[in-house]
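Engineer: Below: one structure in structure tokens.
The values are calculated or read from the model by the stated rules, or taken from the named source; none is laboratory data. Keep in mind that what you see is a predicted model, and the values were worked out from it rather than measured. Virtual Cβ from ideal backbone geometry, glycine too; neighbours counted across all protein chains shown. Just the protein is used for accessible areas: all its heavy atoms, side chains included, with ligands, DNA and RNA removed. Shrake-Rupley method; radii C 1.70, N 1.55, O 1.52, S 1.80 Å.
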Amino acid sequence: MIKNLSSSREVKILAHQRCNMSVFKVRRVIDQIRGRSYEETLMILELMPYRASYPILKLVYSAAANANHNMGLNEADSFISEAKVNKGPIRKKLRPRARGRSYLIKKPACNITIVLKEKSKDQSTI
């Protein structure tokens, strides 16, 4: 989904139910990249040892490709202005146990939102 604001241009990408892991595990990676430049984000995500890094890396790549193709934004001039993780649906499975009983297994999912913005001229001098 693409949004145009009056002062600056931004690209918003949303991953619905794509990340099949806990919100807390993804949030510790998202907190590291929020507010950083695009190139710095790629370096951080490639070197992080967490399993949540790869889906987030794919989302950042996709957001940058959408920004470049749809709006003509340069990837080098963009930064992550907003990154958030929300709780998604929980898949429930039954595992067979002794004496004909069953045990409930909960598989959490999460929704990831990443917004790329173009650096304005006054922000690049800071």
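Engineer: Looking only at residues that are without any contact (Cβ under 8 Å) to a residue 40 or more places away in the chain and basic (Lys, Arg) in region 37-88, which one is farthest from residue 106 (Cα to Cα)? Give the steps one after another, and end with the answer.
Structural biologist: In the first step, residues of region 37-88 are kept if they are without any contact (Cβ under 8 Å) to a residue 40 or more places away in the chain; the result is 39-54, 57-58, 61, 65, 68-69, 72, 75-76.
So of that shortlist, the ones also basic (Lys, Arg) come out as 51, 58.
Numbers: 51: 19, 58: 25 Å.
Step by step, filter region 37-88, then rank; the result is 58.
Engineer: Then there's this: Can you pull out every residue in region 97-126 that is over 24 Å from the mean Cα position of the chain (by Cα) and at pLDDT 90 or above?
Structural biologist: Those that are over 24 Å from the mean Cα position of the chain (by Cα) and at pLDDT 90 or above: 97, 98, 99, 100, 101, 102, 103, 104, 105.
Engineer: I want to confirm something. Restricting to region 47-74 and keeping residues that are over 16 Å from the mean Cα position of the chain (by Cα) and open to solvent by less than 60 Å² (accessible area, probe 1.4 Å), which single residue is nearest to residue 117 (Cα to Cα)?
Structural biologist: 73
Engineer: Further, regarding this structure: Yes or no: residue 99 among the basic types (Lys, Arg) and assigned to a helix (DSSP H, G or I)?
Structural biologist: The answer is yes for residue 99.
This table checks each residue for (1) among the β-branched types (Val, Ile, Thr); (2) at negative phi; (3) part of a helix (DSSP H, G or I); (4) at pLDDT below 95.
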site	(1), (2), (3), (4)
54	no, yes, yes, yes
57	no, yes, yes, yes
60	yes, yes, yes, yes
64	no, yes, yes, yes
67	no, yes, yes, yes
70	no, yes, yes, yes
91	no, yes, no, yes
95	no, yes, no, no
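Engineer: If I filter region 89-107 for residues that are polar (S, T, N, Q) and either surrounded by 15 or more Cβ atoms within 10 Å (Cβ to Cβ) or in contact (Cβ under 8 Å) with a residue 40 or more places away in the chain (or both), do I get at least one hit?
Structural biologist: Start the filter on region 89-107 by keeping residues that are polar (S, T, N, Q), which leaves 102.
Subsequent filtering for residues that are either surrounded by 15 or more Cβ atoms within 10 Å (Cβ to Cβ) or in contact (Cβ under 8 Å) with a residue 40 or more places away in the chain (or both) retains none.
No, region 89-107 has no match at all.
Engineer: Quick one: count up the residues across region 71-112 that are more than 30 Å from residue 60 (Cβ to Cβ) and polar (S, T, N, Q).
Structural biologist: Qualifying residue count, region 71-112: 1.
Residue-by-condition table, conditions (1) modelled with pLDDT under 95; (2) part of a helix (DSSP H, G or I); (3) over 16 Å from residue 114 (Cβ atoms):
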site: 10; (1), (2), (3): yes, no, no
site: 15; (1), (2), (3): yes, no, no
site: 18; (1), (2), (3): yes, no, no
site: 21; (1), (2), (3): yes, no, yes
site: 28; (1), (2), (3): no, yes, no
site: 32; (1), (2), (3): no, yes, no
site: 35; (1), (2), (3): yes, no, no
site: 40; (1), (2), (3): no, yes, no
site: 45; (1), (2), (3): no, yes, no
